[in-house]
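Every number here is computed from the coordinates shown, using simple stated rules; none is lab data. Computed from a prediction, not measured in an experiment: that's the story for all the values here. Cβ placement follows ideal geometry from the backbone for every residue including glycine, while neighbour counts extend to all protein chains displayed.
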Amino acid sequence: MAALFNPRLFRRILLFLVGNFVLAMGVSMAVKSDLGITPVNSIAYVSSRIFYIDHGLMTAIVYCGYVLFQFIILGKEFRLYSFLQMGVAILFGGFVSLTNRIFSFPAPEAYWIRFLLMLASIVVLALGILLYLRANLMPQPADGLLLAVQKKTGWKLGNSKVILDIIILAVALTLSLIAAGKIIGIREGTLLAILGVGKTIGFISGWLGPKIDALFKL
């Protein structure tokens with residue numbers, strides 16, 4: 001039995017779980033700020049508000065949909081093991097439900113406090129992404145969809161990211177306007193997340209990445 005236990009794989013799985021939990025916490029912080037959700041979670045958040053379904057459950061459902069879109073986009077190039085991302089979707093959805101409960105306190109009324117909470121959410125989102133990427137196990141479904149688009153089109157990864165974010169936001173905006181007659185969850189914080197998460201990852205990865213590897217003995 002001892003031979004079957006792989007300490008390094010265990011540490012990578014642990015890092016992956018921690019990263020997804022931190023990422024979910026960043027999502028919940030953005031929700032609590034009420035200044036706009038991140039693009040990749042916008043469809044899930046808008047749908048949860050419209051249909052009165054738990055945000056975490058809707059996140060799991062939408063993220064499973066991202067995996068199916070990968071299958072549609074890639075066709076024969078799609079690898080069957082990529083369906084394991086649906087497990088990641090369910091895990092992440094559960095974490096979102098949990099962190100939403102952690103942040104279930106009343107939303108602050110002062111705009112400046114909410115704005116600081118939104119800025120903090122960007123840092124936490126970036127940290128969560130960095131953590132789970134360092135584990136190098138399985139991409140989040142949204143990231144898997146991004147890689148599928150990039151592979152199929154041949155576009156640069158940055159360009160693919162911008163276009164995918166625009167498409168997802170357009171779907172969320174359309175759903176919001178048709179079903180609710182108003183814009184839900186898309187505000188200035190959404191733009192800040194688009195501009196800030198990637199730059200924050202780039203800023204912290206150089207010095208924090210090696211520390212994470214050392215801590216988890218990767």
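Quick one: compute the contact order of the stretch 1-125, relative version, from alpha carbon pairs under 8 angstrom and 6+ residues apart, as a percent.
Normalised by residue count, the contact order of the stretch 1-125 is 41 percent.
With the largest listed first and rounded to whole Å, the semi-axes of the equivalent ellipsoid of the chain from the Cα gyration tensor are 27, 22, 17.
Based on alpha-carbon atoms, the Kirkwood radius and the radius of gyration of the stretch 56-98 give Rg/Rh equal to 1.05. For the chain, the relative contact order is 38 percent, taking Cα pairs closer than 8 Å that sit 6 or more residues apart in sequence and dividing their mean separation by the residue count. As a rough guide to protection, the peptides 181-192, 88-99 ranked by mean Cβ packing within 10 Å, highest first, stand as 88-99, 181-192. Can you list the residues of the stretch 53-81 with backbone N under 18 Å from a point 7 Å past the Cα of Lys152, pointing along Cα to Cβ? Only 62-81 pass the distance filter. One chain, two ends: Ile72 and Val162. Fully extended at 0.36 nm per residue, the span grows by 30.4 nm beyond their Cα-Cα distance. Spin-label model, Asn6 to Glu188: label points 7 Å out along the Cα-to-beta-carbon direction sit 4.8 nm apart.
Give the residues of the stretch 50-65 whose amide nitrogen is closer than 15 Å to a point set 7 Å from the Cα of Ile178 in the direction of its Cβ. Residues passing the 15 Å test: 50-51.
For the chain, what does -39500 (n - 2.57) per DSSP helix run (n ≥ 4), summed and divided by total residues, give at 222 nm, in deg cm²/dmol to the nearest 500? Present the calculation step by step, with values, prior to reporting the outcome.
Values: 8 runs with 168 residues, N = 218.
Roughly -26500 deg cm²/dmol at 222 nm, from the helical runs in the chain.
Here, the stretch 1-101 has an Rg and a Dmax of 15.7, 51 Å when only alpha carbons are counted. For the stretch 163-179, backbone phi angles converted through the Karplus equation (6.51, -1.76, 1.60; θ = phi - 60°) give residue-by-residue couplings of 5, 5, 4, 5, 5, 5, 5, 4, 5, 5, 5, 5, 4, 4, 5, 6, 7 Hz, Gly and Pro being listed as x.
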